[in-house]
1. Below 15 Å, Cα to Cα, which aspartates and glutamates can LYS229 reach? Residues fewer than 8 away in the same chain don't count.
2. Taking 27 Å as the cut-off for C-alpha to C-alpha distance, list the pairs among LYS263/LYS285; LYS307/LYS372; LYS247/LYS307; LYS78/LYS247; LYS285/LYS307; LYS285/LYS387 that go past it.
3. Would you grab the residues whose amide H sits under 5 Å from the one on CYS142? Only those 5+ places off in sequence or on another chain, please, with H modelled 1.01 Å from N.
4. Distance from the Cα centre of region 77-125 to that of region 274-353, in angstrom?
5. Please compute one quarter of the surface area of the Cα convex hull for region 29-170 and express it in square nanometres.
6. Just want the ordering: TYR208, TYR152, from fewest to most Cβ atoms lying within 10 Å of their own Cβ.
7. With no solvent and one point per C-alpha, what does the Debye sum give as log10 I(q)/I(0) for region 111-184 at q = 0.13, 0.16, 0.23 Å⁻¹?
8. What is the diffusion coefficient of region 1-48 in µm²/s, taking the Kirkwood radius over Cα pairs and the Stokes-Einstein relation at 4 °C with a viscosity of 1.567 mPa s?
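Only the coordinates and a few stated rules stand behind these numbers; no lab work does. Remember, it's a predicted structure, so these values are computed and weren't measured experimentally. So basically every Cβ, Gly included, is an ideal-geometry build from the backbone, and we count neighbours across all protein chains shown.
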Amino acid sequence: MKPSFQTKLPHIGTSIFTEMSMMAHQYKAINLSQGFPEFDTPELLKSAINQAIAEGKNQYCPSSGLPELLEQIGEMIKIRYQKDVSIENKVDSLNNITVTSGATEALWVAIQTIVRQDDEVIVFDPAYDSYEPAVELAGGRCRHISMNTPDYAIDWSLVRQTINNKTRAIIINSPHNPTGTLLSRSDLITLQKLVLEHNLYVISDEVYEHITFDGLRHESVLSYPELFKRAFVVSSFGKTFHCTGWKLGYCVAPTDLTVEFRKIHQYVTFCSFTPAQYAIASMLKNQPNHIGELAEFYQQKRDVLVKALEKSRFKVLPCQGTYFLLLDYSNVSELNDREFCHWLTQEIGVAAIPLSPFYQADKLANYHENNKVVRLCFAKYDKTLQKAAEILCQL
């Protein structure tokens with residue numbers, strides 16, 4: 001007789017990303033749903049990983065990350081975010097940076113590091129779907145605050161009202177998936193005041209940090225020393241170097257938090273894929289311009305898709321960053337967003353992602369009544385974007 005079994009995540013099923021990508025494959029639809037690039041990784045990166053493998057660099061590296069890679073990450077942070085930060089507050093490559101098996105691992109470990117039984121964590125809907133399960137597995141509970149539509153801004157007065165004696169942390173995400181919005185300097189200053197006033201932690205999901213448009217700047221927690229003292233900042237090489245399948249990211253945190261973070265990290269993966277770490281270190285050292293060119297590269301793709309949709313019945317919402325574009329389909333269909341995405345994939349031949357799975361489940365009835373928005377990924381070849389837009393313009 002088997003022992004009794006009760007799931008730890010009773011409300012969790014197959015992710016919407018897996019669901020829609022499987023459906024896109026089944027119906028041979030153009031896949032603008034799951035957020036991965038259609039194009040290949042840079043040649044230098046492929047050459048560097050092959051060289052590392054050929055040279056026998058295939059064994060465990062230090063659990064915190066390859067020293068060469070940690071050094072390159074530290075230099076990048078100083079150039080991009082900390083040139084105006086005092087010396088004593090700058091990131092120490094060896095003591096403040098940990099390489100992880102993707103940003104998802106970094107988020108999970110950061111949450112496990114600080115969340116205790118019955119703690120509450122504030123998240124902003126629409127929120128990336130990995131936050132809540134990690135909080136629940138740590139024994140905590142998410143307090144959801146919906147961002148104001150249609151601009152998807154945070155109501156900080158509501159945040160202040162939500163904070164109580166159980167609140168442990170606030171999770172932010174900028175550039176934001178799925179909305180493509182950015183937090184401003186004013187947002188970060190307000191967040192910093194709340195965190196200091198209420199003795200909270202911050203987990204800052206910044207995986208699209210290098211993809212911002214129209215001259216707008218990404219405001220990183222790393223640029224705010226007092227906020228960073230209480231923060232975990234999570235980044236992704238997969239998003240930056242078009243290699244999502246390598247599952248390589250990193251977490252930056254002050255020394256005391258990094259010590260605790262690494263205690264858990266070492267029992268999750270111990271270390272991440274060694275040859276890829278050598279390759280990324282080489283890429284950062286020998287081709288640093290790639291990062292600086294990302295914004296222009298993806299802005300061009302955003303503009304291709306936006307222009308191609310001009311004659312459609314969709315309303316294109318503003319996109320300040322990431323490689324996602326939101327479409328309001330109110331003039332196209334009365335279906336709810338999940339039903340619409342299924343119909344769009346099966347009958348029309350274009351796969352998109354509904355926004356409702358990014359919201360708290362018990363608020364979906366109200367959400368469906370007031371929102372008809374889907375997300376498209378434009379990390380694709382121009383011809384793919386134009387073909388998909390041509391189809392959508394016929395609706």
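1. Straight-line reach from LYS229, under 15 Å: GLU88, ASP92, GLU197, ASP256, GLU260.
2. Details: LYS263/LYS285 29 Å; LYS307/LYS372 21 Å; LYS247/LYS307 33 Å; LYS78/LYS247 24 Å; LYS285/LYS307 36 Å; LYS285/LYS387 37 Å.
Cα-Cα > 27 Å for LYS263/LYS285; LYS247/LYS307; LYS285/LYS307; LYS285/LYS387; rest within.
3. Residues meeting the amide H criterion: VAL121.
4. So the separation of the two Cα centres works out to 26 Å.
5. Over every viewing direction, the Cα hull of region 29-170 projects on average to 13.6 nm².
6. With the fewest neighbours first, TYR208, TYR152 line up as TYR152, TYR208.
7. Relative scattering, expressed as log10 I(q)/I(0), comes to -0.37, -0.55, -1.04.
8. 89
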